[in-house]
Amino acid sequence: ASYVRPDLCLCGGLSGCKKVAAMAEAHHVKVIPHNPLSPISTAACVQLDACIPNFALQEYTGESEPPKSELLLKPLELKEGYITVPDGPGLGVEINEEALKMPEDPKVLDTPIGFDGSVQDR
């Protein structure tokens, strides 16, 4: 494989994804984190990207439209096609507590579950 595409939100968070990146590095394989969710998961991915030597590219879904754009008090900074690594505590971003009070838009997800109870990707 030329690259792996771990989903930080499905493979054990930052620690699990860093382990995947280390295994990939041992085989000279690049990492392109999968990121279909929110600016919060993007912030986590950017922190991972900054600390792995085999980072190649970050998937970015565009988070400039509501409701995603309202989740952070200050959006991630984009400059010339790059995301600036936030340097605040934790993931480097502040969550907009008011946005969390917005009514839910429930979605029915048909998530495949393996025989061992693990979430599987399609």
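The values are calculated or read from the model by the stated rules, or taken from the named source; none is laboratory data. Since this is a predicted model, take the numbers as computed values, not measurements. FYI the Cβ positions are ideal-geometry reconstructions off the backbone, even for glycines, and counts take in every protein chain you see.
Within the stretch 85-107, identify whether any single residue is among the β-branched types (Val, Ile, Thr) and in contact with a Gly (Cβ under 9 Å, 6 or more places away or on another chain), and answer yes or no. For the stretch 85-107, residues among the β-branched types (Val, Ile, Thr) and in contact with a Gly (Cβ under 9 Å, 6 or more places away or on another chain): present. Among the residues of the stretch 35-42, at least one is under 26 Å from residue 114 (Cβ atoms), of a type in the set (S, T, N, Q) and in a loop (DSSP other than H, G, I, E, B). Restricting 49, 7 to residues that are within 19 Å of residue 76 (Cβ to Cβ) and touching a residue at least 40 places away in the same chain (Cβ under 8 Å) narrows the list to 7. Residues that are out of contact with any strand residue (DSSP E or B) (no Cβ under 9 Å at 6 or more places or on another chain), surrounded by fewer than 16 Cβ atoms within 10 Å (Cβ to Cβ), modelled with pLDDT under 95 and among the polar types (S, T, N, Q) occur in the stretch 43-61; there is at least one.
Evaluated against (1) modelled with pLDDT of 95 or more; (2) of a type in the set (A, V, I, L, M, F, W, C); (3) assigned to a loop (DSSP other than H, G, I, E, B), residue 10 falls short on exactly one condition, (1). For the stretch 42-94, which positions are more than 14 Å from the chain's Cα centre (by Cα) and of a type in the set (Phe, Trp, Tyr)? Matches in the stretch 42-94: 82 only. Looking only at residues in the stretch 83-122 that are of a type in the set (A, V, I, L, M, F, W, C), farther than 17 Å from residue 48 by Cβ and surrounded by 11 or more Cβ atoms within 10 Å (Cβ to Cβ), the one that is modelled with the highest pLDDT is 95.
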